[in-house]
Amino acid sequence: MALLAPSILSADLSILSQQIRLVEISGADWIHCDIMDGHFVPNITFGPVVVKAANKSTKLPLDVHLMIENPDKYLEDFVNAGADSITVHQEEVIHLDRTINRIKELGAKAGVAINPSTPVSTITEIAEIVDLILIMSVNPGFGGQSFINNSLKKVKQAATLRKEVRGKFLVEIDGGISNKNIKSALDAGCDVFVVGSSIFKEKNISAATAELANMIK
Ligand code: DX5
Ligand code: ZN
């Protein structure tokens with residue numbers, strides 16, 4: 001089953017609970033939290049304090065995407081803040097197998113993200129043990145960027161990899177997803193769809209959420 005994961009990066013943080021509740025009742029399945037540190041990516045967002053606030057606002061699972069240096073140092077903090085899944089970047093983590101296992105030990109689902117320029121082949125050896133593979137369809141750092149078409153090929157490769165290793169992971173896509181391309185991502189084999197600006201920057205957040213949720217059902 002396909003899942004819609006609105007990213008609160010594009011939400012109005014001054015009314016965060018309200019906006020989370022709105023997407024929750026309109027068809028969201030997960031809440032995606034984009035954590036940026038100004039080092040791994042050229043932007044700074046928020047940390048565990050805001051994740052904790054999001055957790056208080058919803059019963060939906062919190063999907064935490066760490067675009068930070070040295071993520072190992074903060075795994076526990078994010079799990080304590082309420083993260084249900086934690087995704088780290090292949091490009092940042094040297095001992096990926098160790099980090100994946102640590103996330104699982106802490107009781108969260110473990111994901112690995114790859115940037116647009118990183119091949120799917122770089123995660124073959126850990127595919128069997130991960131719960132999520134996140135294909136970045138923009139260069140991470142900002143909401144509202146244009147979708148990179150080559151990502152669809154990588155979604156297909158990830159879906160093939162799952163068959164090959166008899167893996168159980170979900171394939172997630174993140175960046176530039178809208179009502180114009182969500183269907184092609186679904187057809188390529190995507191399971192989880194992160195959407196930031198095409199939900200939270202819309203005039204009618206509820207209608208935008210419901211439309212996208214319907215398009216993947
Ligand atoms: C990009 C983030 C995405 C982003 C998605 O660095 O990881 O989650 O917020 O936002 P849109 O849908 O606006 O591209
Ligand atoms: Zn993200």
Would you calculate the separation in nanometres between label points at Lys56 and Asn43, each defined as 7 Å from the Cα along the Cα-to-beta-carbon direction? 2.6
Enumerate the aspartates and glutamates that Lys180 could reach by cross-link, defined here as Cα to Cα under 15 Å, with residues fewer than 8 away along the same chain left out. Glu202, Glu211
Can you give me the distance in nm between label points at Lys163 and Lys183, each placed 7 Å from the Cα along the Cα-to-Cβ direction? 2.4
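With a 1.4 Å probe and every protein chain left in place, work out the accessible area per residue of the stretch 92-217 in Å², rounded to a whole number. Numbers along the way, then the final one.
Values: 6010 Å² over 126 residues.
Per-residue value: 48 Å².
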Would you calculate a helix-derived [θ] at 222 nm for the chain, using -39,500 (n - 2.57) for each DSSP H run of n ≥ 4 and dividing by the full residue count, to the nearest 500? -10000 deg cm²/dmol
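Please identify every one of the GluC sites (Glu not before Pro) in the stretch 120-189 that sits in a loop by DSSP and has no more than 14 other beta carbons within 10 Å of its own beta carbon.
Values: sites: Glu125, Glu128, Glu164, Glu172; in loops: Glu128.
Listed in order of number, the matching sites are Glu128.
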Per residue, how many Å² of accessible area does the stretch 1-77 show with a 1.4 Å probe? 45
Sequence-distant lysines (8 or more away, or on other chains) whose Cα lies within less than 22 Å of Lys73: Lys52, Lys104, Lys109
Calculate what fraction, in whole %, of the accessible area of the stretch 157-209 sits on carbon and sulfur atoms when a 1.4 Å probe is rolled over the protein chains. 46
Check cross-link reach from Lys156 to the lysines: straight Cα distance under 18 Å, and skip same-chain residues fewer than eight apart. Lys168, Lys183
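The values are calculated or read from the model by the stated rules, or taken from the named source; none is laboratory data. None of the values given here were measured: they were computed from a predicted structure. Every residue, glycine among them, receives a Cβ derived from its backbone with ideal geometry; neighbour counts consider all protein chains shown. SASA here: full protein model, heavy atoms, side chains in, ligands and nucleic acids out. Shrake-Rupley method; radii C 1.70, N 1.55, O 1.52, S 1.80 Å.
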